[in-house]
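Undergrad: Here you go, one structure.
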Amino acid sequence: MAQLSDDCFAFGGPMMSVDEAVALICERLHTITGSQTIPLVEADGRILCGDLLAGIPLPPFNNSAVDGFAVRAADLGSGVTRMPVAGRIEAGASVNITRDNSAIRIFTGAPVPSGFDTVFMQEDVTIGSDEFVELPAGLKPGANVRPAGEDIEKSSIAIKSGSRLTPSHVALAAALGRTDLTVARKLKVAVFSTGNELVSPGENQSPPQVYDSNRFMLMALLRRLGCNVSDLGILRDDRAVLARALARAAEDHDFILTSGGVSTGDADHVKGAVEDAGKLTFWRMAIKPGRPVAMGMISGTPFVGLPGNPVASFVTQAYVVRPAVLALMGALPAPLMALPVRAAFSYKKKAGRREFARAKLRRAPDGVVEAVKFPREGAGLLSSLVETDGLVELREDITRVEPGESVGFIPYSSLY
Ligand code: AMP
Ligand code: MG
């Protein structure tokens with residue numbers, strides 16, 4: 001397996017911006033997974049290894065885009081042209097009719113015979129009872145013909161290496177006749193939660209314990225990103241226990257993810273444990289909710305320690321874990337794109353840090369899409385994630401937002 005350098009997360013500044021974090025991850029992390037060939041039906045969500053070249057053009061032959069009458073444009077007069085109908089070609093039929101000054105009844109998807117270059121829609125012509133058709137003037141030569149290769153030329157790159165395959169990619173590969181595709185092997189990710197207060201669902205919970213939710217959220221997110229996830233449970237707030245578990249996980253995983261224990265409190269032992277087991281880089285990210293993220297390398301395996309508050313964990317994973325696991329599987333960079341919506345809220349923030357407000361979208365009476373901010377702020381409120389549609393991204397230079405202003409919105413669906 002290709003190794004990453006121990007210093008790949010090194011960062012000199014005191015505070016890291018979100019853009020710096022993503023750029024650094026994309027620059028420093030490279031593919032560490034091998035490839036495997038899988039059936040096309042399983043390819044959705046995987047990352048293509050190597051460019052997919054078109055073995056055939058698409059469409060494979062000139063064909064009609066409509067039901068109608070194929071002609072040679074050169075045979076048309078300047079006014080209405082009356083022509084005999086010399087034959088009929090349905091989709092799937094291979095007929096070669098080459099007669100001058102005649103039209104051919106043709107259907108959508110049927111091959112346009114050589115020499116014929118234009119198709120009149122059946123709605124636009126007058127069909128006589130005597131095997132003649134009257135064709136109006138003014139149709140552009142080439143109209144309603146889908147030329148061979150207009151979609152994809154033979155031997156061109158149909159799908160770029162590193163593409164994260166979607167149902168559309170699967171359709172394109174199928175149209176090219178592929179039965180299988182070579183994709184990146186799934187990244188093997190170890191997921192731990194840390195905290196003496198945590199118990200797993202299924203166990204007894206009573207104060208002062210809380211159920212561990214981050215591990216399940218992070219495992220679900222990682223599975224959506226196409227990873228193989230190992231559920232390694234909950235670790236106590238104990239530096240030696242943590243260090244041993246991290247070292248063991250590094251032996252058979254490509255990536256290690258924890259949440260909790262990365263602040264600077266006395267009970268935050270993750271950073272110390274990473275120092276003991278490998279190399280630590282602590283990122284103070286200028287992000288809210290979020291902020292402290294521990295990065296590291298443990299025996300050549302990259303490590304990310306997210307903050308424990310569930311919403312902070314959720315937001316930082318989008319800007320740290322998502323780009324990291326995609327880069328390690330060889331995916332092309334997929335920057336998150338905030339789309340403009342109208343703020344239906346006011347907000348004040350500090351300059352110099354990027355903040356994310358959880359918001360629900362609604363259509364205002366004037367038709368414009370508005371973002372309605374979740375009424376409460378807490379970084380522990382899971383209801384705030386469930387009851388909203390995405391994150392309003394308030395960039396570093398913004399200090400206030402007033403209702404009616406345009407803000408950038410990132411739907412949750414684009415985060416996985
Ligand atoms: P920490 O980052 O460890 O200081 O934790 C911050 C807050 O997040 C505390 O209220 C923790 O109880 C909570 N927390 C940490 N880990 C989890 C988890 N896995 N699931 C739910 N809450 C958590
Ligand atoms: Mg903790």
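None of the figures in this text is laboratory data; all of them are computed from the coordinates on show. Nothing here was measured: the structure is a model prediction, and the numbers come from that model. Don't worry about glycine lacking a Cβ; one is built from the backbone with ideal geometry, like all the others, and counts go over all protein chains shown.
Undergrad: How many lysine pairs does segment 260-416 hold where the Cα atoms are under 26 Å apart and the two sit 8 or more places apart or on different chains?
TA: Close lysine pairs found across segment 260-416: 15.
Undergrad: Let me ask something additional. Per the Kirkwood formula on distinct C-alpha pairs, the Rh of segment 88-240 is how many angstrom?
TA: Numbers: mean 1/r = 0.0450 Å⁻¹.
Averaging 1/r across every pair of different Cα atoms and inverting gives 22.2 Å.
Undergrad: With charges only on Cβ, +1 for K and R and -1 for D and E, what is the dipole size of the chain about its Cα centre, in debye, rounded to 20?
TA: On the way: 43 positive and 46 negative charges, 165 e Å.
The calculated dipole for the chain is roughly 800 debye.
Undergrad: Something else about it: Evaluate the Debye formula for segment 267-308 with equal point scatterers sitting on the alpha carbons, no solvent, and hand back log10 of I(q)/I(0) at q = 0.17, 0.20, 0.26 Å⁻¹, in q order, two decimals.
TA: Treating every Cα as an identical point scatterer, log10 I(q)/I(0) equals -0.42, -0.57, -0.86.
Undergrad: Related question: For segment 174-312, rounded, prolate or oblate, judged on the Cα gyration tensor with a ≥ b ≥ c (square roots of eigenvalues), a/c < 1.5 rounded, else prolate if a/b > b/c? Display every interim value, and only then the final one.
TA: Numbers: a/c = 1.88, a/b = 1.53, b/c = 1.23.
Cα axes put segment 174-312 in the prolate bin.
Undergrad: Can you list the residues, at least 5 places off or on another chain, whose amide H is less than 5 Å from the amide H of S230, using H built in the peptide plane?
TA: V189, A190, V191
Undergrad: Tell me the mean residue ellipticity at 222 nm calculated for the chain from its helices only (DSSP H runs of n ≥ 4, each -39500 (n - 2.57), averaged over every residue, nearest 500).
TA: Working: 8 runs with 71 residues, N = 416.
When only DSSP H runs of four or more count, the value is -5000 deg cm²/dmol.
Undergrad: Another question, if that's okay. Please list, short to long, the whole-number percent of alpha-carbon pairs of segment 339-415 in consecutive 5 angstrom bins beginning at zero.
TA: Result, from short to long distances: 3, 17, 28, 26, 18, 6, 1 percent.
Undergrad: OK, next. How many times 2.2 N^0.38 Å is the alpha carbon radius of gyration of the chain? List each step's numbers first, then the result.
TA: Details: Rg = 29.3 Å, N = 416, 2.2 N^0.38 = 21.8 Å.
In units of the globular-protein estimate, the chain measures up at 1.35.
Undergrad: Compactness ratio of segment 304-373: Cα Rg over 2.2 N^0.38 Å, N = residue count?
TA: Values: Rg = 15.5 Å, N = 70, 2.2 N^0.38 = 11.1 Å.
In units of the globular-protein estimate, segment 304-373 measures up at 1.41.
Undergrad: To continue, here is another question. Whole percent per 5 Å bin, from 0 to the bin with the longest distance: what is P(r) over all C-alpha pairs of segment 63-146?
TA: So the P(r) values, bin by bin, are 3, 18, 31, 29, 15, 3, 0.
Undergrad: What is the gain in length, in nm to one decimal, between R224 and E377 on full extension, counting 0.36 nm per residue of separation less the C-alpha to C-alpha distance?
TA: Numbers: separation 153, 0.36 × 153 = 55.08 nm, distance 2.69 nm.
Full extension from R224 to E377 adds 52.4 nm.
Undergrad: What FRET efficiency, computed as 1/(1 + (r/R0)^6) with R0 = 22 Å and r the Cβ-Cβ distance, is obtained for R362 and E402, rounded to the nearest 0.05? Can you show the working numbers first?
TA: On the way: r = 18 Å, r/R0 = 0.82.
Step by step, r from the Cβ atoms, then E = 0.75.
Undergrad: Another question, then. For segment 69-112, list residues with backbone N below 11 Å from a point placed 7 Å from the Cα of E131 toward its Cβ?
TA: Correct set: 84-87.
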